[in-house]
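One structure below.
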Amino acid sequence: MSAKKANLSGELKKYFGFSTFKGQQELIIEELLQGKDIFVLMPTGGGKSLCYQLPALISEGTAIVVSPLIALMKNQVDAVNGLSSENGVAHVLNSSLNKTQTKQVFDDIRSGKTKLLYVAPESLIKEDYLEFFKELKISFFAIDEAHCISEWGHDFRPEYRNLKFIIDKIADVPVIALTATATPKVQDDIQKTLGMTNALVFKESFNRPNLYYEVCPKVNVDKEIVKFINKHKCKSGIVYCLSRRKVEEFSQLLQVNGINALPYHAGLDQKVRVTNQDKFLMEEADVIVATIAFGMGIDKPDVRFVIHYDFPKSLESYYQETGRAGRDGGEGHCLAFYDPKDIEKLEKFLAQKPVSEREIGLQLLNEVVGYAETSMSRRQYILYYFGETFDPITGAGANMCDNASNPQKLTDATKDLEKVLELINETKEKFKSKDLISVIVGKENAVTKSYKLEQTSFFGFGKHGKENYWKTILRQATVQNFLLKDIETYGVLKISPKGHQMIEGKFKEKFLIAEDREFDLSQTKADSD
Ligand code: ADP
């Protein structure tokens, strides 16, 4: 084993020039080379590519890398070709190639030098290519951006759904799936769809201790942002807006206020887009005002703030977008402006979508609202969303959010939690948060009627508290692991072992909560300085 280890380190040095592996790279590569299926969950910048590039370079045959981003594929291939003394070890196969180019790629692969073949999913599943792939000696399959398989991820691609079927037809070799999206729901979806529930899972923490998270009510937002940027003079930052129109308007407003800002969105002329992006990267512009089109594959280490003029559609996107701050480990302020009316607009927009998309969209929005309104540690909330437990007192970066700097008073809600747990137990763990709250405050709805919950003794037991109070209890009890959110139904609340201990009177600690913040935007914004 140690000889093998020394050998892998040697190969790492030889091909990549690095002296040590990052995180769990070495373990992952060893297991893949042993023929195991592997699932890697690692935040952006964690070093995922090397986990399949190095084993591909040192294995017999060709590794097939499925990647959805045609624009980034070329960069990856150039980078790999630059690593090896023999040029042409990596190739691309996607719809951007014409017939002659495709034939050339096939010829090159047949010649046997190709170690990595990057394919777009739609090319891999093409019947015409199937025979060709079958004849190849394939070392393993790598599925990059594996979250594209899941409708719960932030970039669902239907072609990804067919990958398992086609891979099985081509060869019986190991599969390594990689993603930077780690919500338990997406993870579950990926493993099931790729038929790799037995895969070895390698997960790294998604915590970014140097980022400071803050949410402000969206009042006088233009003025507030100008004030914020002026306080961070000459520092690099990104302001995300939902619409192209807002991007244009707001970048102009910043310019009028003497801030060196440029717009970026997919509707701009390609040349302007590239120029603006380059100016930002080269420090000729301090601020880029952008839609979510900006950021993919951008690696500027010293972005000091990421402001969300509008709230994003999911916590996943929020994490990805704010993740562009503080890559160098230095300061990174993540400020989001929240107005419940914006959420209503997003809900209306979802109402026009097909049912399943709408349902998922609403659930994701629900989490976003939870994050915006919470009084808990925002870091704890985000990490919980990624299936990670975080100690809000001792965890790395525990003091780095507005709720930690400006804590709300805590109340002892142990008795109320006990009642809620009993209710969930008595009703056989069948209901989602919304319906449980209706039962607690005694408000009829279709679900309470169909289960005749009005006739039970617990209907309306919590009338004395506001709906928001009970919502807070359910949310914080979930994040604090008294309740579990069912993965299949996403939303039905079940009792965790810790919750059962509480019911049985074996849990001796108090359940303390801070009431969630209420955003009454009719009042003027409290000074956030
Ligand atoms: P991801 O795909 O997880 O976002 P990348 O594969 O792009 O991450 O890697 C992020 C950066 O880390 C790249 O610049 C890469 O060269 C670097 N990197 C990867 N592995 C190592 C290593 N073992 N030592 C030093 N740098 C590494």
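Any read-out appearing in this document is the output of simple, stated calculations on the displayed coordinates, not a laboratory observation. This structure is a prediction, so every number in the text was calculated from the model and none was measured. All Cβ positions, glycine included, derive from the backbone under ideal geometry; neighbour counts span all protein chains shown.
Grab the beta carbon distance between Asp302 and Lys341, set R0 = 22 Å, and tell me the FRET efficiency rounded to 0.05. Efficiency, rounded to the nearest 0.05: 0.05.
Note on Arg110 and Thr489: the extension gain reaches 131.7 nm, defined as 0.36 nm multiplied by sequence separation minus the Cα-Cα distance.
Peptide packing: for 47-54, 348-355, the average count of neighbouring Cβ atoms within 10 Å per residue gives the ranking 47-54, 348-355, highest mean first. For the chain, the relative contact order comes to 12 percent (Cα pairs under 8 Å, sequence separation of at least 6). Remark: the Asn260-Thr20 segment gains 82.4 nm on full extension, using 0.36 nm per residue and subtracting the alpha carbon distance. Spacing of the modelled spin labels on Thr389 and Lys126, each 7 Å from Cα toward Cβ, amounts to 5.0 nm. Taking region 95-110 and a reference point 7 angstrom along Cα→Cβ of Val274, the backbone N atoms nearer than 19 Å belong to 96-97. Note on Met282 and Ser9: their simple-model spin labels are 4.2 nm apart, each label 7 Å out from Cα toward Cβ.
For region 465-516, GluC sites (Glu not before Pro) are listed when DSSP marks them as loop and at most 14 other Cβ atoms sit within 10 Å of their Cβ; the list is Glu488, Glu504, Glu509. Compute the long axis of helix 467-479 from its Cα atoms, compare it with the longest principal axis of the Cα atoms of the chain, and write down the angle in degrees, 0 to 90, nearest 10. Approximately 40 degrees, to the nearest ten.
In this simple spin-label approximation, Asn81 and Lys463 carry label points 7 Å from Cα along the Cα→Cβ vector, and these lie 7.5 nm apart. The listed peptides 404-415, 14-25, ordered by packing as a protection proxy, come out as 14-25, 404-415 (highest mean of other Cβ atoms within 10 Å first).
The calculated FRET efficiency for the pair Val201 and Lys137, based on their C-beta separation and a Förster distance of 35 Å, comes to about 0.80. Taking the longest Cα principal axis of the chain as reference, the axis of helix 99-110 is set at about 80 degrees.
Full extension of the chain segment joining Asn230 with Glu509 gains 95.9 nm, where the gain is 0.36 nm per residue of separation less the Cα-Cα distance.
The DSSP beta bridges internal to the chain are antiparallel in roughly 15% of cases. Each of Asp342, Asp144 has some number of other Cβ atoms within 10 Å of its Cβ, and from fewest to most they run Asp342, Asp144. Over the residues of the chain, the helix contribution to mean residue ellipticity at 222 nm works out to -12500 deg cm²/dmol, using -39500 (n - 2.57) for each DSSP H run of at least 4. So how tilted is helix 48-58 from the main axis of the chain? Cα-based, degrees 0 to 90, rounded to 10. Helix 48-58 sits roughly 20 degrees off the main axis of the chain.
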